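J.: Dumping the structure here so I can ask a few things about it.
The values are calculated or read from the model by the stated rules, or taken from the named source; none is laboratory data. Since we're looking at a predicted model, the values are computed, not measured. We place every Cβ from the backbone using ideal geometry, glycine too, and count neighbours over all the protein chains shown.
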Amino acid sequence: MKKIIEKIQVGILAGSSLVTSLTVLLIIVFLFKEGIGMFNKSQLEEGYVLTVNASNPVSEIDATSIKNVFDQNITNWKQLGGKDEEINLFSIDDLSNFYSDEQVGSDLEYLDTCMNDYVKNHENTLAYFPRKNLPKNFHGKEIQVGSISVYNFVKGKDWLPSARPVAQMGVLPLLLGTLWVSLGAILLALPFGLACAIYMAEIAHPRVRKILKPIIELLAGIPSVVYGFFGLIVIVPLIQKLFHLDVGETALAGSIVLGIMALPTIVSIAEDAIRNVPNTMREASLAMGASQWQTIHKVVLPYAKSGILAGIVLGIGRAVGETMAVLMVTGNAANIPHSYLQPVRTIPATIAAELGEASYGGLHFKALFALGCILFLFTMILNIYVQLVLKKKRVK
Amino acid sequence: MNKKALIQQIIFWTFRIMSIMVVILLFAILYFITIRGAQAISWDFLTKSPEEGMVKGGIFPAIIGTLYLIAGSLIFAFPIGVFSGIYLNEYLKDGKLKSFIQLMTNNLAGVPSIVFGLFGMALFVNRLHFGDSILAGSLTLGLLVLPIIIRTTEESLKSVDDSYRLASYAMGATKLYTIKKVILPLAFPNVITGIILSIGRVSGETAAILFTVAAYFLPKLPHSIFDQVMALPYHLYVLTTSGTNIEASRPVAYGTAFVLVFIVLVTNVIANLIRNYFNKKYKA
């Protein structure tokens with residue numbers, strides 16, 4: 001009996017140890033299930049239809065072309081593979097240009113009949129209206145709008161998830177925004193992080209190190225909203241004044257705040273790597289008459305190189321995934337960045353800012369999960385790389 | 001002084017000054033938030049609900065909400081984390097399974113918190129129909145801090161000398177009995193540091209609760225674990241970015257930031273004290 005109880009207890013311990021692996025697995029399943037779903041969804045706004053006259057040879061238009069039609073950049077059916085006729089655009093948004101209130105009824109109850117007539121009588125029309133007003137015995141035909149391709153998702157230059165009638169889901173500006181802000185952060189944090197790590201591991205008196213270490217840890221413990229608040233109130237106005245900008249919320253502000261946040265990661269991992277260098281190496285170098293700096297520079301740092309690199313990579317991972325602070329200081333304009341003095345928008349900030357307003361299960365919702373997948377994969381790869389590097393070092 | 005020594009002096013001083021700058025930076029942040037935040041703190045601020053579009057009144061519901069989230073996430077993460085740490089360190093032998101679990105635990109620690117938020121929303125809020133609730137938020141936050149607790153448990157068990165285990169076995173005690181009566185009591189103070197650090201992390205976490213529990217404004221306190229709550233970090237975010245009157249709500253924002261920093265400061269100091277005390281005691 002006692003044995004059985006003990007077996008059960010050990011079983012509980014073993015089960016607990018699997019929770020983290022299970023969670024990672026569940027994250028993958030749930031994120032990717034929603035994320036991949038976006039590639040099967042039409043880019044046309046949900047609940048709406050695009051229709052043409054039955055005699056129109058065009059039956060499918062891709063999302064970019066539809067946007068161009070509605071932006072008046074494409075005005076002829078020929079450009080869409082149809083007849084050489086001008087496109088006569090009908091949009092529910094401009095309903096009053098076509099029908100009076102009496103004709104469609106106060107609750108749009110007669111819109112079905114109106115649409116049926118309109119599409120029937122206008123051979124070159126492209127009509128956009130709610131699906132619920134699609135007439136039962138419709139004389140026209142519905143235009144199929146393709147779903148977004150992975151290529152267009154990754155390379156698309158516009159992120160306009162709530163644009164009508166077709167949403168534009170190009171990740172490129174967000175991807176570049178994330179990379180710009182993170183790289184800037186690492187470039188700012190790197191010299192300070194390395195200096196701190198080398199100082200703590202090689203130069204400082206143990207007593208000084210004992211004071212410095214908790215301070216660096218504290219820097220890691222401050223919540224990201226507090227960094228965002230600090231950035232918004234101190235760094236953003238400073239940048240605005242310094243560079244004479246209209247708004248201080250820029251990629252640079254994001255990089256500075258993220259740089260501060262990435263600092264502790266870089267310091268602690270690089271310091272560990274440096275301290276793990278065997279003392280015999282140092283002693284050998286010093287015995288040859290090298291100065292302490294020469295020893296650090298020529299012996300210790302090259303030996304600890306891969307560990308230091310791991311710290312930098314992990315710092316990049318932290319910076320890429322950081323949400324709230326970036327959301328608060330970068331201005332969140334989804335443009336392809338050209339300068340550090342412009343507002344940018346990162347992937348995590350986009351998810352945080354837009355998930356609340358995206359309707360559950362819709363294209364926008366799924367697209368935000370797809371962004372989450374990108375983020376997850378990116379940080380996962382960095383993490384695994386770092387751990388392999390650190391492990392190899394330990395085995396040595 | 002020869003050239004070699006001079007160069008070394010210059011470089012060492014550069015490093016020293018850069019390290020001092022990092023320290024100054026931390027103190028600048030702390031000073032900045034403390035000096036303005038402390039002015040906002042009063043008994044009313046800590047015990048009253050937000051008033052007049054959140055520019056007046058206090059942050060009581062947010063404090064309570066954060067306390068609920070701390071308790072909720074730890075109820076879940078503490079036992080699982082400690083059990084998991086025990087199994088990893090005491091039972092599993094070095095091998096593929098152990099390194100796989102450790103790899104996954106470290107991976108989980110590196111997952112961005114906004115991804116936890118997405119996951120929590122997909123699984124707890126939508127799939128399991130918990131809705132935006134303390135339960136969903138606590139589970140999400142619990143998973144988020146699980147790696148911290150596992151790691152500190154593992155580390156603290158590792159630091160218990162093998163002679164204790166062998167002595168216990170020699171007395172005829174079983175492995176589980178040894179762990180329960182000998183190893184855990186010895187390692188426990190250090191295990192606690194993991195909990196304390198988790199408290200700091202949970203109280204400051206925003207992205208993971210955005211879509212799982214946090215309420216923009218909710219003056220009444222929650223009645224069940226299926227209610228939404230306000231939380232300190234989200235409250236600070238709302239006050240600084242989307243409040244009705246951002247300028248007028250600044251003092252409240254400073255006060256909230258101060259409370260957050262205070263919690264982190266206290267948890268860090270306590271964790272360090274315990275660690276130092278334990279290390280000293282153990283070495284002696």
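J.: Take the conditions among the polar types (S, T, N, Q), within 24 Å of the chain's Cα centre (by Cα) and closer than 30 Å to A:N56 by Cβ and apply them to A:S182. Does it pass?
T.: No: the conditions fail for A:S182.
J.: Picking from A:Y110, A:Y48, which residue would you name as being more than 26 Å from A:P161 (Cβ to Cβ) and of a type outside the set (D, E)?
T.: On the way: A:Y48 fails: more than 26 Å from A:P161 (Cβ to Cβ).
Just one listed residue meets the conditions, A:Y110.
J.: Of everything in segment A:373-386, what is under 15 Å from B:L108 (Cβ atoms), out of contact with any Ser or Thr (no Cβ under 9 Å at 6 or more places or on another chain) and touching a residue at least 12 places away in the same chain (Cβ under 8 Å)? Give them in sequence order.
T.: Matches in segment A:373-386: A:F376, A:T379, A:L382, A:N383, A:V386.
J.: Taking the stated definitions as given, is A:A319 buried (at least 21 other Cβ atoms within 10 Å of the Cβ) and either more than 27 Å from A:Y385 (Cβ to Cβ) or more than 14 Å from every other protein chain (Cβ to nearest Cβ) (or both)?
T.: No.
J.: Only one of A:L252, A:L258 is part of a helix (DSSP H, G or I), touching a Phe, Trp or Tyr at 6+ places or on another chain (Cβ under 6 Å) and crowded, with 24+ Cβ neighbours inside 10 Å. Can you tell me which? Lay out the reasoning, then the answer.
T.: Details: A:L258 fails: touching a Phe, Trp or Tyr at 6+ places or on another chain (Cβ under 6 Å).
The conditions single out A:L252.
J.: Given the criteria at pLDDT below 95, buried (at least 19 other Cβ atoms within 10 Å of the Cβ) and more than 13 Å from every other protein chain (Cβ to nearest Cβ), does A:P161 qualify?
T.: Working: at pLDDT below 95: yes; buried (at least 19 other Cβ atoms within 10 Å of the Cβ): yes; more than 13 Å from every other protein chain (Cβ to nearest Cβ): yes.
Yes.
J.: Please work out which residue is nearest to A:G37 (Cα to Cα), limiting yourself to segment A:343-379 and to residues that are hydroxyl-bearing (S, T, Y) and assigned to a helix (DSSP H, G or I).
T.: A:T350
J.: Now, a different point. Output the number of residues of segment B:233-255 satisfying the condition of being within 8 Å of chain A (Cβ to nearest Cβ) and of a type in the set (A, V, I, L, M).
T.: Adding up the residues that qualify gives 2.
J.: Now a separate question. Could you list, in sequence order, the residues of segment A:321-348 that are of a type in the set (A, V, I, L, M, F, W, C) and free of Cβ contacts under 8 Å to residues at least 40 places away in the same chain?
T.: A:A333
J.: Suppose we filter A:S306, A:S268, A:S255 for residues that are small (G, A, S), touching an Asp or Glu at 6+ places or on another chain (Cβ under 9 Å) and more than 10 Å from chain B (Cβ to nearest Cβ); which single one remains?
T.: It is A:S268.
J.: Check segment A:61-75 and report whether any residue there is of a type outside the set (D, E, K, R) and over 30 Å from A:V171 (Cβ atoms). Break it down into steps so the answer makes sense when it comes.
T.: Applying the first criterion (of a type outside the set (D, E, K, R)) to segment A:61-75 yields A:61, A:63-66, A:68-70, A:72-75.
Filter once more, keeping what is over 30 Å from A:V171 (Cβ atoms): none.
Looking for residues that are of a type outside the set (D, E, K, R) and over 30 Å from A:V171 (Cβ atoms), one finds none in segment A:61-75, hence no.
J.: Go through segment A:39-72 and report how many residues are more than 19 Å from A:P135 (Cβ to Cβ) and either touching a Lys or Arg at 6+ places or on another chain (Cβ under 8 Å) or hydrophobic (A, V, I, L, M, F, W, C) (or both).
T.: The initial filter retains those residues of segment A:39-72 that are more than 19 Å from A:P135 (Cβ to Cβ), namely A:39-43, A:45-46, A:57-58, A:60-72.
Pick out the ones that are also either touching a Lys or Arg at 6+ places or on another chain (Cβ under 8 Å) or hydrophobic (A, V, I, L, M, F, W, C) (or both) and you get A:39, A:41, A:45, A:57-58, A:61, A:63, A:66, A:69-70.
Going through segment A:39-72 one residue at a time, the tally reaches 10.
J.: When both residues are 6+ apart or on different chains and their Cβ atoms are under 6 Å apart, which pairs have a first residue that lies in segment B:202-213 and is within 7 Å of chain A (Cβ to nearest Cβ), and a second that is buried (at least 24 other Cβ atoms within 10 Å of the Cβ) and assigned to a loop (DSSP other than H, G, I, E, B)?
T.: B:G204/A:P223; B:A207/A:T323
J.: What residue, among those in segment B:82-103 that are without any contact (Cβ under 8 Å) to a residue 12 or more places away in the chain and of a type in the set (G, A, S), is farthest from the other protein chains (Cβ to nearest Cβ)?
T.: For segment B:82-103, the residue satisfying everything is B:G95.
J.: Among the residues of segment A:217-233, is there at least one that is more than 26 Å from B:V202 (Cβ to Cβ), within 12 Å of chain B (Cβ to nearest Cβ) and either crowded, with 21+ Cβ neighbours inside 10 Å or of a type in the set (G, A, S) (or both)?
T.: The answer is no, given that none of the residues of segment A:217-233 is more than 26 Å from B:V202 (Cβ to Cβ), within 12 Å of chain B (Cβ to nearest Cβ) and either crowded, with 21+ Cβ neighbours inside 10 Å or of a type in the set (G, A, S) (or both).
J.: Could you pull out the residue among A:L172, A:L212 that is within 14 Å of chain B (Cβ to nearest Cβ) and either within 40 Å of the chain's Cα centre (by Cα) or β-branched (V, I, T) (or both)?
T.: That would be A:L212, the only listed residue that is within 14 Å of chain B (Cβ to nearest Cβ) and either within 40 Å of the chain's Cα centre (by Cα) or β-branched (V, I, T) (or both).
J.: Do we have any residue at all in segment B:209-231 that's modelled with pLDDT under 85, closer than 17 Å to A:F229 by Cβ and of a type in the set (G, A, S)?
T.: Checked against the condition, which is being modelled with pLDDT under 85, closer than 17 Å to A:F229 by Cβ and of a type in the set (G, A, S), segment B:209-231 yields at least one hit.
J.: B:P79 versus (1) buried (at least 17 other Cβ atoms within 10 Å of the Cβ); (2) free of Cβ contacts under 8 Å to residues at least 40 places away in the same chain; (3) within 30 Å of B:K158 (Cβ to Cβ): which is the lone unmet condition?
T.: It is condition (1) that B:P79 fails.
J.: Further question on the same structure: Check whether at least one residue in segment B:27-37 is exposed (fewer than 14 other Cβ atoms within 10 Å of the Cβ), within 24 Å of the chain's Cα centre (by Cα), within 14 Å of chain A (Cβ to nearest Cβ) and not small (G, A, S), and report yes or no.
T.: At the first step, the residues of segment B:27-37 found to be exposed (fewer than 14 other Cβ atoms within 10 Å of the Cβ) are B:27-28, B:31, B:35.
Going one step further and asking which of them are within 24 Å of the chain's Cα centre (by Cα), we end up with B:27-28, B:31.
From the residues that got through so far, the ones that are within 14 Å of chain A (Cβ to nearest Cβ) too are B:27-28, B:31.
If we keep only those that are not small (G, A, S) as well, we get B:27, B:31.
Scanning segment B:27-37, I find at least one residue that is exposed (fewer than 14 other Cβ atoms within 10 Å of the Cβ), within 24 Å of the chain's Cα centre (by Cα), within 14 Å of chain A (Cβ to nearest Cβ) and not small (G, A, S), so the answer is yes.
J.: Of the numbered conditions (1) farther than 30 Å from B:S19 by Cα; (2) modelled with pLDDT of 80 or more, A:E109 satisfies every one except a single condition; which is it?
T.: A:E109 satisfies all of (1) farther than 30 Å from B:S19 by Cα; (2) modelled with pLDDT of 80 or more except (2).
J.: Please specify each residue of segment A:130-154 satisfying the condition of being of a type outside the set (S, T, Y) and under 23 Å from A:G81 (Cβ atoms).
T.: Correct list: A:F138, A:H139, A:G140, A:K141, A:E142, A:I143, A:Q144, A:V145, A:G146, A:I148, A:N152.
J.: Here's another thing I want to ask about it. Assess whether A:Y48 counts as being over 35 Å from the mean Cα position of the chain (by Cα), surrounded by 12 or more Cβ atoms within 10 Å (Cβ to Cβ) and either within 14 Å of chain B (Cβ to nearest Cβ) or of a type in the set (S, T, Y) (or both).
T.: Criteria not met by A:Y48.
J.: Are there any helices (runs of 4 or more DSSP H) wholly within segment B:169-284 with 2 or more residues that are surrounded by 22 or more Cβ atoms within 10 Å (Cβ to Cβ), and if so which?
T.: B:184-204, B:232-241, B:250-283
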